[in-house]
Amino acid sequence: MDAAYIFGITGNLTTALGAGWSVEDSFAWAIGAESELTFPLQGDDLAYTLRFDIHPAIFPPKVPRQRLMIRAGKTVIGSFELTARATVTIPLPVELTGGADRITLTLIHPDAARPRDHLPVDDPRRLALCFHSASLARADFDSGQVSLTADRSGLEPVHGIIAGGSTAMRICEVIGKLPSLRGKFGIRFLDLSHDLDIAAERLPPGTLDTMQFCWMELNAGTPVTRDPLRERLGPGCALRTFYAPIIRSLWPFQGPDTRAVIEPGRHIPSRYPYADRLAQVLAAMNMPDDVLYLMYDMSANQEPLELDEIFANDLRRWRAEGKKSDVRLADFIERHIRTERLFVAPNREGPILLREMVDQLLDDGMIRDIASPDVVSAELDVLLDGYTGWQEELPVHQRVARHFDLAWWSPDMKYRWMNNYRTHRDHILDYIKWMQWRP
């Protein structure tokens, strides 16, 4: 052990406590939804293991346990569920500690409860976890904890791949960051836009021969890339399929644009992969911005559209795709499309829809054997809190938003596009005026 610490007024961690604490003589309560702790470090370049002696505030049957998630910045480094006093162990990789004399931790505890609501006491505090002591030890003195960027060639006890396109890659990124699965459940992305042999070069040796599961995105790649992968699945490999939904009804003005070509070294497939046929008509007109946007808006409002029918076609397509896969999304989208921003572009899922896809894929016995669904759910809450999604957020026209009564939309709403953050008007005017880059 390199250092030992005691919580409480008589201890040596009082000055390290930030918001979210109630300090008593020889311990400190983490209160409310979250607490902050600036923990002292050694200032060297070693990985360390941090331990806390904690007991939870439980009031059965209504509050049978306390969940705890620990973040360093945006990195989740520990996730626990406590029903009795316990020592929790948190690895501190060298990426977070190297050369630092302190590390700021955010402790998230969503189950805090007031004792007076459960016991005959007058204690209005929202108590979550009581911290008694802490210790810091070099990782090599513990259980071989290593750097986050250490060699990943070793395969986890349960490991496999998720094969597909950009949606599969995002899902892989999210699941790969779940602390409760780390080191036990390994998921790696395989790009179906490439031949299998080329895509597999990025996987650890032996992955395809020993994988226990394969999750395949059915509307990514082609049979030429998907079929060889199916043939490689061993008898013990569980295949699950899903699809990435595409929506047309929120962006009904899409159409061909002769300018939308690959610009080598700059834009692939093009600067604007989602073409707008109404805006393209105005591209050759040399007029003031106000006039151009007014003309576009008039065209959009006068365009003959059957928006309900377009949405009905979307639903029919999602239901047909769902029948072929293990993930069903049509009903979820229909229930939430008006109240939640499920899509940020025609083929780009927002955080709510991405979370639903992840939840359905993780609803699997092999994962439930590794981690509690409640713990995984809490970790996903943290990982996707503030998730901004893709760099390509396509503006929704007011005619479409008002027709579908989109609660999340507003006329002055801004959208992310690459390194820009702009309104519908800004986006349309830039689209009208852009020209192909020429070297």
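The values are calculated or read from the model by the stated rules, or taken from the named source; none is laboratory data. Bear in mind the structure is a predicted one, so any value in this text is a computation, not a measurement. FYI the Cβ positions are ideal-geometry reconstructions off the backbone, even for glycines, and counts take in every protein chain you see.
Among the residues of segment 193-207, is there at least one that is at positive phi, surrounded by 19 or more Cβ atoms within 10 Å (Cβ to Cβ) and without any contact (Cβ under 8 Å) to a residue 60 or more places away in the chain?
The answer is no, given that none of the residues of segment 193-207 is at positive phi, surrounded by 19 or more Cβ atoms within 10 Å (Cβ to Cβ) and without any contact (Cβ under 8 Å) to a residue 60 or more places away in the chain.
Using the structure shown, decide if M435 is in a helix (DSSP H, G or I), surrounded by fewer than 20 Cβ atoms within 10 Å (Cβ to Cβ), modelled with pLDDT under 90 and among the hydrophobic types (A, V, I, L, M, F, W, C).
Here the answer is no, as M435 does not meet what is asked.
Somewhere in segment 51-63, is a residue surrounded by fewer than 22 Cβ atoms within 10 Å (Cβ to Cβ), within 25 Å of G386 (Cβ to Cβ), touching a strand residue (DSSP E or B) at 6+ places or on another chain (Cβ under 9 Å) and not aliphatic (A, V, I, L, M)?
No, segment 51-63 contains no residue that is surrounded by fewer than 22 Cβ atoms within 10 Å (Cβ to Cβ), within 25 Å of G386 (Cβ to Cβ), touching a strand residue (DSSP E or B) at 6+ places or on another chain (Cβ under 9 Å) and not aliphatic (A, V, I, L, M).
Quick check on F242: is it on the phi < 0 side of the Ramachandran plot, touching a Leu at 6+ places or on another chain (Cβ under 8 Å) and assigned by TED's automatic domain parsing to the domain that holds Y272?
no
Pick out the one residue from A100, A47 that is closer than 21 Å to S180 by Cβ and modelled with pLDDT under 85.
So the residue among A100, A47 that is closer than 21 Å to S180 by Cβ and modelled with pLDDT under 85 is A47.
Mind checking which residues of segment 395-410 are surrounded by 15 or more Cβ atoms within 10 Å (Cβ to Cβ) and small (G, A, S)?
A401
Looking at segment 102-129, which of its residues are part of a strand (DSSP E or B) and aliphatic (A, V, I, L, M)?
I103, L105, L107, I108, A113, L127, A128, L129
Can we say L406 is at pLDDT 95 or above, touching a helix residue (DSSP H, G or I) at 6+ places or on another chain (Cβ under 9 Å) and within 30 Å of H109 (Cα to Cα)?
No.
Got a number for residues in segment 351-371 being surrounded by fewer than 20 Cβ atoms within 10 Å (Cβ to Cβ) and not in a helix (DSSP H, G or I)?
4
Taking the residues in segment 150-174 that are touching a strand residue (DSSP E or B) at 6+ places or on another chain (Cβ under 7 Å) and surrounded by fewer than 21 Cβ atoms within 10 Å (Cβ to Cβ) as candidates, determine which candidate is modelled with the lowest pLDDT.
Across segment 150-174, the extreme among qualifying residues is L155.
Filter segment 378-387 for residues that are touching a helix residue (DSSP H, G or I) at 6+ places or on another chain (Cβ under 8 Å) and surrounded by fewer than 17 Cβ atoms within 10 Å (Cβ to Cβ) and give the result.
Scanning segment 378-387 gives L384, Y387.
Identify the residue in segment 343-358 that is more than 19 Å from P373 (Cα to Cα) and in contact (Cβ under 8 Å) with a residue 40 or more places away in the chain and, among all such residues, is nearest to the chain's Cα centre (by Cα).
So, considering only residues that are more than 19 Å from P373 (Cα to Cα) and in contact (Cβ under 8 Å) with a residue 40 or more places away in the chain, the one nearest to the chain's Cα centre (by Cα) is E349.
Would a scan of segment 233-245 turn up a residue that is more than 29 Å from the chain's Cα centre (by Cα) and closer than 23 Å to Q360 by Cβ?
The answer is yes, given that some residue of segment 233-245 is more than 29 Å from the chain's Cα centre (by Cα) and closer than 23 Å to Q360 by Cβ.
If I go through segment 372-409 residue by residue, how many of them are touching a Pro at 6+ places or on another chain (Cβ under 7 Å), part of a loop (DSSP other than H, G, I, E, B) and of a type in the set (V, I, T)?
Within segment 372-409, residues that are touching a Pro at 6+ places or on another chain (Cβ under 7 Å), part of a loop (DSSP other than H, G, I, E, B) and of a type in the set (V, I, T) number 0.
Are there any pairs, at least 6 apart or on different chains, whose C-beta atoms fall under 6 Å, with the first in segment 362-389 and within 23 Å of E349 (Cα to Cα) and touching a residue at least 12 places away in the same chain (Cβ under 8 Å) and the second of a type outside the set (D, E) and surrounded by fewer than 18 Cβ atoms within 10 Å (Cβ to Cβ), and if so, which?
That search, which allows pairs on different chains as well, returns L383/K177.
Would you confirm, using the coordinates I've provided, whether D25 is part of a strand (DSSP E or B) and either touching a Lys or Arg at 6+ places or on another chain (Cβ under 7 Å) or charged (D, E, K, R) (or both)?
No: the conditions fail for D25.
Can you work out which of the residues in segment 20-50 that are within 28 Å of the chain's Cα centre (by Cα) and on the phi > 0 side of the Ramachandran plot is surrounded by the most Cβ atoms within 10 Å (Cβ to Cβ)?
Among them, the one singled out is G20.
Of the residues that sit in segment 302-350 and are among the hydrophobic types (A, V, I, L, M, F, W, C) and in a loop (DSSP other than H, G, I, E, B), which one is surrounded by the fewest Cβ atoms within 10 Å (Cβ to Cβ)?
Of everything passing the filter in segment 302-350, L305 is surrounded by the fewest Cβ atoms within 10 Å (Cβ to Cβ).
Taking segment 402-426 as the region of interest, how many residues are closer than 21 Å to L292 by Cβ and among the aliphatic types (A, V, I, L, M)?
Residues meeting the conditions: 1.
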